[in-house]
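Participant: Mind looking over this structure? Questions follow.
Quick note: the coordinates plus some simple rules give every number you see, no bench work behind them. What you see is a predicted model, and the numbers here were worked out from it, not measured in a lab. Here the Cβ positions follow ideal geometry from the backbone for every residue, glycine too, while neighbour counts run over all protein chains shown.
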Amino acid sequence: MVEIKSDDALDAMREAGRVVARILDAVRRAATVGVRLTDLDEVARAVLREAGASSPFLGYRPPFAPTPFPASICVSVNDAIVHGIPDGYRLRDGDVVGVDCGAKLDGWTADAAVTFIVGTPRPGDVELIDTTRRALEAGIAAATVGNRIGDISAAIGAIAEEAGYGMPRDFGGHGIGRHMHEDPSVPNHGRPGRGYPLRHGLALAIEPMFIAGGKNGYRVAGDGWTLHSPDGSRAAHMEHTIAVTEDGPRVLTVP
Ligand code: MG
Ligand code: MG
């Protein structure tokens, strides 16, 4: 069931979104060569504590997961696409690092992700990240009253196709509000003009995830959570929580 949010609810989600933006900024600044992924999780926890917010990731157990998620952020490095569990790995020069996080504040949730490079970029990595960001922007631009979910999906999918990138097609964006994952789902590929109609007050997490090697699919790691690219090539993930409004898409997860 899709819940349409009141303007007050969207304002509350905006406050949760500010916390998410602060976490992503702090984690990104902390992510230098030699830093452990668990250190980045500590940075996120500190921002959440300071904001009086909680993590919708910590302890979360969706149907596909074998165990509750043990951290406050996902950190997905290089060929990891999404859902990486922060561990003792130390960042290296040239790593492609995807950080995904959420915050719950006063009962309302926001969810966003960013991918960046630590140190010196390798050939192709900047383009992969920039193209994924461009797909996120195109998806957001399509999130207007009168459009449908398929218009968002098609806008994202067209950019992947044009660039020759693959996707883990079973995973994509989602409705969001009191809970991190709500209806409707927002696939990263689809047909324009199809799917749920976009109305004022619909809150969505839009999140393209692109695989440099061009194959669609993924491989699940032994931890049961981390999705790796099927061919070992690098991947990028970008996400914002937005609201569809009469005045156009409103991005909630910015500072
Ligand atoms: Mg997310
Ligand atoms: Mg999400």
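Participant: Considering only residues that are over 21 Å from residue 130 (Cβ atoms), acidic (Asp, Glu) and either crowded, with 21+ Cβ neighbours inside 10 Å or away from ligand 1 (no atom under 16 Å from the Cβ) (or both), which ones fall in the range 140-184?
Facilitator: 151, 183
Participant: Also, quick follow-up: Residue 183 passes all but one of (1) part of a strand (DSSP E or B); (2) at positive phi; which number fails?
Facilitator: So the condition that residue 183 fails would be (2).
Participant: So, one more: Between a first residue in the range 88-104 that is under 21 Å from residue 209 (Cβ atoms) and a second residue that is crowded, with 24+ Cβ neighbours inside 10 Å and acidic (Asp, Glu), which pairs have beta carbons less than 7 Å apart while being 6 or more apart in sequence or on different chains?
Facilitator: Note: pairs meeting the criteria are 100/239; 102/111.
Participant: Can you tell me which condition residue 191 does not meet? The list is (1) over 27 Å from residue 94 (Cβ atoms); (2) in a loop (DSSP other than H, G, I, E, B); (3) in contact with an Asp or Glu (Cβ under 8 Å, 6 or more places away or on another chain), and all the others hold.
Facilitator: The one condition residue 191 does not meet is (3).
Participant: Select from the range 39-75 the residues that are more than 17 Å from the chain's Cα centre (by Cα) and within 16 Å of residue 88 (Cα to Cα) and list them in ascending order.
Facilitator: Those that are more than 17 Å from the chain's Cα centre (by Cα) and within 16 Å of residue 88 (Cα to Cα): 39, 42, 43, 70.
Participant: Filter the range 103-139 down to the residues that are of a type in the set (Asp, Glu) and under 22 Å from residue 27 (Cβ atoms), then identify the one that is surrounded by the fewest Cβ atoms within 10 Å (Cβ to Cβ).
Facilitator: Of everything passing the filter in the range 103-139, 130 is surrounded by the fewest Cβ atoms within 10 Å (Cβ to Cβ).
Participant: If you don't mind, there's one more thing I want to ask. Is it true that residue 93 is among the acidic types (Asp, Glu), in a loop (DSSP other than H, G, I, E, B), in contact with a Leu (Cβ under 9 Å, 6 or more places away or on another chain) and away from ligand 2 (no atom under 14 Å from the Cβ)? Don't jump to the end; show me each part of the working.
Facilitator: Details: among the acidic types (Asp, Glu): yes; in a loop (DSSP other than H, G, I, E, B): yes; in contact with a Leu (Cβ under 9 Å, 6 or more places away or on another chain): no; away from ligand 2 (no atom under 14 Å from the Cβ): yes.
No; evaluated as a whole, the condition is false for this residue.
Participant: Among the residues of the range 200-226 satisfying the criterion of being within 27 Å of residue 12 (Cβ to Cβ) and not hydrophobic (A, V, I, L, M, F, W, C), which is nearest to ligand 1 (Cβ to nearest atom)?
Facilitator: 207
Participant: Ok, one more. Can you tell me how many residues in the range 81-94 are acidic (Asp, Glu) and within 15 Å of residue 226 (Cβ to Cβ)?
Facilitator: 1
Participant: Further, regarding this structure: Give the residue that is nearest to residue 241 (Cα to Cα), with candidates limited to residues of the range 17-38 that are assigned to a helix (DSSP H, G or I) and in contact with a helix residue (DSSP H, G or I) (Cβ under 7 Å, 6 or more places away or on another chain).
Facilitator: Looking only at the range 17-38, we keep the residues that are assigned to a helix (DSSP H, G or I), and these are 17-30, 37-38.
Now narrow it down to the ones that are in contact with a helix residue (DSSP H, G or I) (Cβ under 7 Å, 6 or more places away or on another chain): 19, 22-23, 26-27, 30.
Values: 19: 12, 22: 14, 23: 14, 26: 18, 27: 18, 30: 23 Å.
Result: 19.
Participant: Separate question: Do you know which residues across the range 59-90 are in a loop (DSSP other than H, G, I, E, B) and touching a strand residue (DSSP E or B) at 6+ places or on another chain (Cβ under 6 Å)?
Facilitator: Once the filter is applied, which keeps residues that are in a loop (DSSP other than H, G, I, E, B) and touching a strand residue (DSSP E or B) at 6+ places or on another chain (Cβ under 6 Å), the range 59-90 yields 78, 79, 83, 84, 86, 88.
Participant: Need the failing condition index for residue 197 against (1) away from ligand 1 (no atom under 16 Å from the Cβ); (2) under 19 Å from residue 4 (Cβ atoms); (3) crowded, with 24+ Cβ neighbours inside 10 Å, just the number.
Facilitator: Failed condition: (3).
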